[in-house]
Amino acid sequence: AKMPHLIIAGATGAGKSVMLNTLEATLLLEYAPWEITLILCDFKKVEASRFANRVETPHVDIVAATSSTEYTMSVFKYLQEEMNARQSLYQQLGVQKNEDLISAIDMIVPQVLLIADEFTQLYENIKASESMGNDHADEDKRAINSAISDVARLGRSMGVHMFVSSQQLDDLEEGVANQFKAGVSVFA
């Protein structure tokens, strides 16, 4: 299945999380666990946590219901490693994209979808750590932008996608924001 990366923007209470929950439920109903792997990041620690401890969901691989920048960065690192592994396999088999890989090995390779609610909280966390003396704040911000850009730029052909939401997109670099091919503004 072809799916673009999606960015959802809107004010507090406008319905971003409800929209993401609806998309998640639809994906869970539409696809079998071997067709799609969900990775959920939630900085409010409310929405995604139900998948960590209340609802048994074989589609969900990782739940990061946390405000920890380090943990969330490890999730992006995992996505980058998954893309690198797929790219290596593509090279070995002489294919260019996930659909070609599926045809070459005659096996379903799941789409990987990162769903991140209030993802720009990463930038707020970095600003807060910088004010407390973090000397690596600029490096952290570059690492986040690089990770998001890598997944946005290269992920789609490898079956790795992102649906993200935020109240504001000020900290997201323009080049990174331009990688999202679909966008939704939610108004209350």
> Could you list, in sequence order, the residues of segment 93-118 that are β-branched (Val, Ile, Thr) and crowded, with 22+ Cβ neighbours inside 10 Å?
Replying inline: Val112, Ile115
> Looking at segment 144-160, which of its residues are of a type outside the set (Val, Ile, Thr) and buried (at least 23 other Cβ atoms within 10 Å of the Cβ)?
Replying inline: Ala152, Gly155, Met158, Gly159
>> Of everything in segment 55-79, what is open to solvent by less than 40 Å² (accessible area, probe 1.4 Å) and aliphatic (A, V, I, L, M)? Give them in sequence order.
In response: Val60, Ile62, Val63, Ala64, Ala65, Val75, Leu79
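Table: residues versus (1) under 16 Å from the mean Cα position of the chain (by Cα); (2) of a type outside the set (Asp, Glu); (3) under 16 Å from Ala152 (Cβ atoms).
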| residue | (1), (2), (3) |
| --- | --- |
| Val60 | yes, yes, no |
| Tyr71 | yes, yes, no |
| Met83 | yes, yes, yes |
| Ser88 | no, yes, no |
>> Please count how many residues of segment 170-188 are open to solvent by 60 Å² or more (accessible area, probe 1.4 Å) and either at pLDDT 80 or above or assigned to a loop (DSSP other than H, G, I, E, B) (or both).
In response: 6
> Thr66 is checked against (1) modelled with pLDDT of 80 or more; (2) assigned to a loop (DSSP other than H, G, I, E, B) and fails just one. What number does that condition carry?
Replying inline: (1)
> Residues Glu35, Glu47: which one is of a type outside the set (Val, Ile, Thr) and either open to solvent by 60 Å² or more (accessible area, probe 1.4 Å) or modelled with pLDDT of 80 or more (or both)?
Replying inline: Glu35
>> Considering only segment 126-143, I want to know if a residue exists there that is closer than 30 Å to Pro33 by Cβ, surrounded by 13 or more Cβ atoms within 10 Å (Cβ to Cβ) and not small (Gly, Ala, Ser).
In response: no
> Within segment 1-32, how many residues are open to solvent by less than 20 Å² (accessible area, probe 1.4 Å) and of a type outside the set (A, V, I, L, M)?
Replying inline: 5
> Pairs under 8 Å by beta carbon, first residue within 13 Å of Arg86 (Cα to Cα) in segment 97-108, partner modelled with pLDDT of 85 or more and among the basic types (Lys, Arg), six or more apart or different chains?
Replying inline: Asn98/Arg86; Leu101/Arg86
> How many residues does segment 104-139 contain that are charged (D, E, K, R), within 19 Å of Asp42 (Cα to Cα) and assigned to a helix (DSSP H, G or I)?
Replying inline: 2
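The values are calculated or read from the model by the stated rules, or taken from the named source; none is laboratory data. From a predicted model like this one, the values you see are computed outputs, not experimental measurements. Every residue, glycine among them, receives a Cβ derived from its backbone with ideal geometry; neighbour counts consider all protein chains shown. Remember, those area values only see protein heavy atoms, side chains included, never the ligands or the DNA or RNA. Shrake-Rupley method; radii C 1.70, N 1.55, O 1.52, S 1.80 Å.
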